[in-house]
1. Determine which single condition C77 fails, assuming it passes every other condition in (1) touching a residue at least 12 places away in the same chain (Cβ under 8 Å); (2) loosely packed, with under 14 Cβ neighbours inside 10 Å.
2. Can you name the residue in the range 1-19 that is touching a helix residue (DSSP H, G or I) at 6+ places or on another chain (Cβ under 6 Å) and not in a helix (DSSP H, G or I) and is also nearest to R70 (Cα to Cα) among such residues?
3. Filter the range 61-108 down to the residues that are of a type outside the set (G, A, S) and assigned to a loop (DSSP other than H, G, I, E, B), then identify the one that is nearest to the chain's Cα centre (by Cα).
4. Which members of the range 34-53 meet the condition of being surrounded by fewer than 16 Cβ atoms within 10 Å (Cβ to Cβ) and assigned to a helix (DSSP H, G or I)?
Amino acid sequence: MPFTPGRPITEAKAALFKALAHPGRVRILELLTEGERTISELATETGLELSHLSQQVTVLRRVGVVDSRRVKNTVICSLRDPQTAELLAVARRMLTRTLRNDQELLAALSRADDAVALADPSRPLS
């Protein structure tokens with residue numbers, strides 16, 4: 001549910017992040033950052049069945065990140081706010097940084113010559 005007067009902003013934020021907590025919905029948003037798409041195009045590009053895709057788009061519309069309009073028999077979806085693309089980009093940068101830090105930690109652990117590492121029977125002898 002989008003922000004409404006009298007509702008704590010933390011609840012609105014939690015609802016937004018809850019809506020983003022589904023891989024199919026994230027993929028829909030990624031596609032919409034490239035431009036508007038029909039439901040049929042989204043189904044093809046996400047691999048989601050039409051009924052499931054429709055449910056996911058409804059969730060995104062309910063929290064206010066996606067708009068849709070009907071042109072004859074076709075439903076066309078778009079991002080309501082272009083900053084959604086920036087939100088996805090920030091998430092990607094955060095994940096990249098975390099993975100890079102994890103790789104550095106793993107490399108440091110692999111190089112460690114502490115007593116625990118030396119006692120590890122699976123560690124190759126130098």
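Since every read-out is calculated from the coordinates, none of them should be taken as a lab result. Since this is a predicted model, take the numbers as computed values, not measurements. All Cβ positions, even for glycine, are placed from backbone atoms using ideal geometry, and neighbour counts span all protein chains on display.
1. Result: C77 fails condition (2) only.
2. Start the filter on the range 1-19 by keeping residues that are touching a helix residue (DSSP H, G or I) at 6+ places or on another chain (Cβ under 6 Å), which leaves 1, 3, 19.
Now restrict to residues that are not in a helix (DSSP H, G or I): 1, 3.
On the way: M1: 22, F3: 25 Å.
Result: M1.
3. First pass over the range 61-108, keeping only residues of a type outside the set (G, A, S): 61-63, 65-67, 69-77, 79-84, 86-88, 90, 92-106.
Those still in the list that are assigned to a loop (DSSP other than H, G, I, E, B) too: 63, 65, 72-73, 80-82.
Numbers: V63: 15, V65: 13, K72: 31, N73: 29, R80: 16, D81: 16, P82: 15 Å.
For the range 61-108, the residue satisfying everything is V65.
4. Correct list: S40, E41, T44, E45, L50, S51, H52.
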